[in-house]
Amino acid sequence: MIQIVFLGIITIALFVYTFIHLVKENNTNYVYILALEFFGLIVEFISLLITKTPNILLLLLILIISIIIPIIYFILEHKKIYIDELINISRGKKHKEKLKHYLLKNVEKYPNSYISHKKLAKYYEENGENEKAEDEYLMVISINPKDYETYCDLAALFHKDKKEDDATRLLQDLLNQKPDYYQASILLGNILYDNEQYKDAILVYNEALRHSPSEYYLYYCLGMTYTRLNDFQNAKEYYMKAAKINSLKNISNLNLGQIYLIFREYEEAEKYFYEGINCDDEKIQANSYLYLSKINLLKNNTEKAIIYANMSIEIYPEIVKKIENDDTFGIILGKIKIKPSKDVKTKITEKEVEIIEHLGKTYNLVENLADDMKMKSVEREIDKT
């Protein structure tokens, strides 16, 4: 009996609170909440008349209908999430061609709706309406300045639209507020890297390392950036740290092998290329076999070089173009087996391919310079003679 009376008092208080909001805001959603509370009051009143010891299931039903559901509604409303808004979003998921209609309906009724503005921004971005998407992302940030993910979404969109100054300014402002926000640091560093502002990118990555010293990707990014600056000593150091943190990321081993090849430390280079041929990524495997072939040619082990070159082509047939354009392989070109093109299992990004190519070209350049120096030395000796 006492329990029902107590529940009744809470329900009446919620009913009055809901009714006041209905009068103030003229929001039809409150009518549904009032109906639930009123139904709960009726059930409580009937229970008081019929029985002195109420059933537990009945008490639970009253609690859910007249108290828990209204409280959840007001909590959602406090977070600017509304029931009819969620219903419209649900309808939009079922009928994707009408999603925009439902989202626009939501933001018209609830101009400060965080969830609908964010979903509308995603919708515009996915459909190539980037300027509208930018406006919606800005609206989301104004509604919730602590939504750091949206800062990054907007910066990425600016970067996509070649608005580099806007992207970097936004990310720098975010990092001033939250210096340890890893996603913003990576995005800013990558934008600077893509714009060939390598020294600025290094500053951003190093600052991020202060807050996330165990992140593999930061070390790898620093390795790539130093590679683009042709600072191979620093690149090697960061690739080694990256490989140490995550031995499964075999791209670091491939890059390390290439750098040791530039330094003519063939034994060390081989060690890393052998790591590369044991990974799951077929492009890394193929490139590792290719460089093992090159090392064996430098050691005058032609038979082994031919085996490795053909294994490289077997895995990744397109790599034959690289072999044909490299004078080192001229001696074994006649024994190379051309294979038809096929799909290759790889997760290597375009940026990582550029690094592999850059290191390969650098090695060839170093070798050509060394050959030129040898030739000049020989010519000087002939002149002396």
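The values are calculated or read from the model by the stated rules, or taken from the named source; none is laboratory data. Note that the structure is predicted; figures quoted are calculated from it, not measured. FYI the Cβ positions are ideal-geometry reconstructions off the backbone, even for glycines, and counts take in every protein chain you see.
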How many residues does the stretch 251-264 hold that are farther than 19 Å from Lys361 by Cβ and either surrounded by fewer than 22 Cβ atoms within 10 Å (Cβ to Cβ) or modelled with pLDDT of 95 or more (or both)?
0
Determine which member of the set Glu196, Glu215 is exposed (fewer than 14 other Cβ atoms within 10 Å of the Cβ) and not hydrophobic (A, V, I, L, M, F, W, C).
Glu196
Any idea how many residues of the stretch 270-305 are among the aliphatic types (A, V, I, L, M), over 17 Å from Asn364 (Cα atoms) and out of contact with any Ser or Thr (no Cβ under 7 Å at 6 or more places or on another chain)?
1
Would you pick out the residues in the stretch 176-191 that are over 20 Å from Tyr239 (Cβ atoms) and either surrounded by fewer than 17 Cβ atoms within 10 Å (Cβ to Cβ) or not β-branched (Val, Ile, Thr) (or both)?
Asn176, Gln177, Lys178, Pro179, Asp180, Tyr181, Tyr182, Gln183, Ala184, Leu187, Leu188
Considering only residues that are buried (at least 17 other Cβ atoms within 10 Å of the Cβ) and touching a Leu at 6+ places or on another chain (Cβ under 8 Å), look in the stretch 313-340 and name the one that is nearest to Gln285 (Cα to Cα).
Ile319
Every residue from the stretch 197-222 that is assigned to a loop (DSSP other than H, G, I, E, B) and at pLDDT 95 or above:
Gln197
Count of the stretch 320-335 residues which are in contact with a Phe, Trp or Tyr (Cβ under 7 Å, 6 or more places away or on another chain) and outside any helix (DSSP H, G or I)
0
